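The values are calculated or read from the model by the stated rules, or taken from the named source; none is laboratory data. Predicted, not measured: the structure shown is a model, and the values here were computed from it. Cβ placement follows ideal geometry from the backbone for every residue including glycine, while neighbour counts extend to all protein chains displayed.
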Amino acid sequence: MVSVQENETMTRIGPGTKAGALLRRYWHPIAPVAELEKGEPKRRIRLLGEDLLLFRDGKGRVGLVQEQCAHRRASLYYGFVEEDGLRCAYHGWKYDVAGKCIEQPFEPAGSPLKEEACQGGYEVQQLAGLYWAYLGPKPAPLLPRWEVLVGNDGARRINVLPVLDCNWLQCMENSVDTVHTHYLHGQMMRALGYPERAAYYARPLEGYDFEVVKDPTWAGVRKIRMWGGQEGQEGETELGHPLIFPCTLLAPQEEHLVMHFRVPMDDTHTLIIRVQYTPGTKPLAPGEDPPVVYSPAWKDAKGDYDLRTFAAQDGMAWETEGAIHDRSKELLGVSDRGIVLYRRMLMEQIEAVAAGREPLGLIRDAALNREIRVAVSEGQARMARAMKRAG
């Protein structure tokens, strides 16, 4: 049972909150690089309860600053991009990519107000065709170089999903919910007339377990599933879909490896960016960014869901739990052990940061960060490929 106060602690992620302080210790993808290369060098970003502006100045440098100008709080989104920064459209105060105020027209030269106006820009890095942001205390940890992001033996693709109208934790708990796939995905696809899409989940699930992982390069919870054999096939034990703390899922899909980055925008909205990597295929040319695909909305204007995709099925389940799921009213069973383990890890790390300690999963040793690989079962990828051929 989770108390109302514990639920508040885990779900509220804005400035000054305990979970927000934890999540600010990690890097988060915020937008495809291509979005600043389409003629508009500015993009609004909502991240961890803050309204931010991502922009590229005339020299090609990228910054992430508070959207509201420090002067009279007008939006910098409507400002003028110049060679060395971004000038507010209201009174002309100008900021560089680090958030430093570098000009204040009509104010006295040498005024101390210029120092007070600094926006305190956040760190931004570019990797695998995405911009990544770090909002925490300095020095920042290394941006993890997952195999999916930096592997050079295949092509990769970026998939941006519709913004979810729910709290980030609902998405993450689903990552360690082993049995939901039988009905939400398997039975749903059969009911909708797509039995071939349900093949993977139609196998008899004879057992399941969970493993807490605290390795030098990643921490989280790994799902273990024991599948029974069918149609002349042997059963297998599968290591799959590890939840990488705090808000990432790694999953094999057909011949691909896919990382799902769940980005907490604010308490009631979550962005999911997926990066798909396909080993053994032709890599992109040096310096070429991966193509970006934007998934269509999975519900109509009335709020009715089109449940013909796994993503829409998940989205339906997460959003209909409520904008912020009230865990004090739920009734957990034995099959929810993975969720309990993840919540325990989350609360422990929230308290660790509150006590001034460093949380799990941060990387500061470059020798550990050349290319991070997380083992998943080949059997899972093999079954997914068989499903694709059957379809």
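Looking only at segment 89-108, how many residues end up being in contact with a strand residue (DSSP E or B) (Cβ under 7 Å, 6 or more places away or on another chain) and under 21 Å from residue 122 (Cα atoms)? The qualifying residues number 10.
A Cβ distance below 8 Å, combined with a sequence gap of six or more or placement on separate chains, defines the contacts here; from segment 1-29, residues that are touching a residue at least 60 places away in the same chain (Cβ under 8 Å) and in the same structural domain as residue 122 (by TED's automatic domain parsing) reach no residue that is surrounded by 15 or more Cβ atoms within 10 Å (Cβ to Cβ) and not in a helix (DSSP H, G or I).
Could you say which residue among 279, 283 is closer than 30 Å to residue 214 by Cβ, modelled with pLDDT under 95 and surrounded by 13 or more Cβ atoms within 10 Å (Cβ to Cβ)? Result: 279 is the single residue among 279, 283 that is closer than 30 Å to residue 214 by Cβ, modelled with pLDDT under 95 and surrounded by 13 or more Cβ atoms within 10 Å (Cβ to Cβ). Every condition in (1) among the β-branched types (Val, Ile, Thr); (2) more than 30 Å from residue 190 (Cβ to Cβ); (3) surrounded by 21 or more Cβ atoms within 10 Å (Cβ to Cβ) holds for residue 292 except the one numbered (3).
Tell me the helices (runs of 4 or more DSSP H) entirely within segment 286-391 that contain at least 3 residues that are at pLDDT below 95 and farther than 24 Å from residue 168 by Cβ.
Values: elements: 310-320, 337-354, 378-390.
Passing ranges, in order: 378-390.
Any residue at all in segment 113-133 that is within 30 Å of residue 356 (Cβ to Cβ), in contact with a helix residue (DSSP H, G or I) (Cβ under 8 Å, 6 or more places away or on another chain) and touching a residue at least 24 places away in the same chain (Cβ under 8 Å)? Yes, because at least one residue in segment 113-133 is within 30 Å of residue 356 (Cβ to Cβ), in contact with a helix residue (DSSP H, G or I) (Cβ under 8 Å, 6 or more places away or on another chain) and touching a residue at least 24 places away in the same chain (Cβ under 8 Å).
Of the helices (runs of 4 or more DSSP H) lying entirely inside segment 156-221, the ones with 3 or more residues being under 22 Å from residue 275 (Cα atoms) are found at 168-174.
Per-residue answers, yes or no, for (1) in the same structural domain as residue 113 (by TED's automatic domain parsing); (2) within 22 Å of residue 270 (Cα to Cα); (3) out of contact with any helix residue (DSSP H, G or I) (no Cβ under 6 Å at 6 or more places or on another chain); (4) assigned to a loop (DSSP other than H, G, I, E, B):
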residue	(1), (2), (3), (4)
46	yes, yes, yes, no
54	yes, yes, yes, no
58	yes, no, yes, yes
65	yes, yes, yes, no
70	yes, no, yes, yes
73	yes, no, yes, yes
81	yes, no, yes, no
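Farther than 21 Å from residue 264 by Cα and either in contact with a helix residue (DSSP H, G or I) (Cβ under 6 Å, 6 or more places away or on another chain) or not in a loop (DSSP other than H, G, I, E, B) (or both), is that true of residue 102? Yes. Screening residue 127 on (1) assigned by TED's automatic domain parsing to the domain that holds residue 41; (2) buried (at least 18 other Cβ atoms within 10 Å of the Cβ); (3) closer than 25 Å to residue 242 by Cβ shows it passes everything except condition (2). Evaluating residue 73 against the criteria (1) surrounded by fewer than 19 Cβ atoms within 10 Å (Cβ to Cβ); (2) within 23 Å of residue 273 (Cβ to Cβ) leaves one unmet condition, (2).
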